[in-house]
Amino acid sequence: MDGFLVVDKEKGYTSFDVCNKIKHKFYNSHVGHTGTLDPNATGVLVVAVGKACKTLNLMEEKDKEYLCEIEFGKSYDTIDPTGKLLSQSDKVVTIDDIQKAIDVLKLETKQLPPKFSALKVNGKRAYDLARKGKEFELEKRDINIFDISIASDLVKKEDCYYISIRLKVSKGFYVRSFVRDLAEYLLVDANMYNLRRLSSGVFDISKAHKIDEINESDFISINEAFSYLPRVEFRPYLLKMIQNGMMLDERNVKIDTPFVAVIDSKEIALYNITKDKYKYKFEALL
């Protein structure tokens, strides 16, 4: 069975855990995912099965949308409640303060990833180094912030304040880093108390299912998953060559985006752009 599953990941599961469950559920060892979610996060995790795994790099490029609940008053080394408590304060923030900070931060085009992340540093996971107290540096990464808005009132519960923020962002954006930067701007203690991914590319939470509820009817074909891509018609003599994974170039087509190769009105294969202009690599048969 080949295609995509949109999982509504629950708290406590790693993204790797979800893939393992899918492997055992559908007896398929070729399973991967796009856009890692922390164990404490919930929401949309796109899982590829079988031939769909070959197209994950195309899925990685897509924008994502999140609903983040921030807790003001506590700071953790992981920037979420799963880590070690570093400090507490009772400094009061207002919704106007938060909005002013958001107006500044939404203009950022680079972001420093959190030290507790899955990024590799000299072959080691950053979170492993951070847990061992090792000193290391991460480089800022290019990001795009398409929209940030306040999605709830500022509510006080016991000694802390809570607010929800909705973010639409590019690949490579870390919500925990955003919370860290927001706290630094406001000079307060804060952490990412809850995180829910609402969408990843064309897949949103309305199409997602809990891992234990997923069945074969929930599979989305490769063709359907990339239905938004342009269709490019080729002559019939190229059929066998395309089916065998032939690279295409400007002699065949000139286009600046990934596309689906079509012959005699039948969708044949998915192609991606390369670093060389007007050269296209085969990704998967449809």
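Please treat every number below as a calculation from the coordinates, not as lab data. Remember, predicted model here, so these are calculated numbers, not experimental data. Note that each Cβ is placed from the backbone with ideal geometry, even for glycine, and that neighbours are counted across all protein chains shown.
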- Work out, step by step, the length gained on full extension between Glu158 and Asp97: first 0.36 nm times the residue separation, then minus their alpha carbon distance; give nm to one decimal. 19.9 nm
- Item | Taking Glu224, Glu10 and counting other C-beta atoms within 10 Å, the order from fewest to most | Glu224, Glu10
- At what distance in angstrom do the alpha carbon centres of segment 271-286 and segment 49-77 lie from each other? 25
- Which distance in nm do the two modelled labels at Arg125 and Ser89 give, with both placed 7 Å along the Cα-to-Cβ direction? 3.2
- Report, as a whole number in µm² per second, the diffusion coefficient that Stokes-Einstein gives for segment 1-93 at 4 °C and 1.567 mPa s using the Kirkwood radius over alpha carbon pairs. 86
- Task: Could you work out the equivalent-ellipsoid semi-axes for segment 231-285, taking the square root of 5 times each eigenvalue of the Cα gyration tensor, largest first, in whole Å?
- Result: 16, 11, 10
- The summed charge of the Val31 Cβ neighbourhood (under 12 Å; Lys/Arg +1, Asp/Glu -1) stands at +2
- Note on the structure: With 0.36 nm assigned to each residue of separation and the Cα-Cα distance removed, Phe16 to Met241 gains 77.4 nm
- Message: Just to be sure I understand the curve: with the Debye formula and one point per C-alpha of segment 64-200, what is log10 I(q)/I(0) at q = 0.12, 0.17, 0.19 Å⁻¹?
- Response: -0.46, -0.94, -1.15
- Note on the structure: Cβ density ranking, 10 Å radius, fewest first, applied to Glu233, Glu283 yields Glu233, Glu283
- Task: Using the number of other C-beta atoms within 10 angstrom as an exposure proxy, rank His24, His33 with the fewest first.
- Result: His24, His33
- Query: Which angle between 0 and 90 degrees, to the nearest 10, do you get for helix 95-105 versus the longest principal axis of the chain when only C-alpha atoms count?
  - Reply: 50
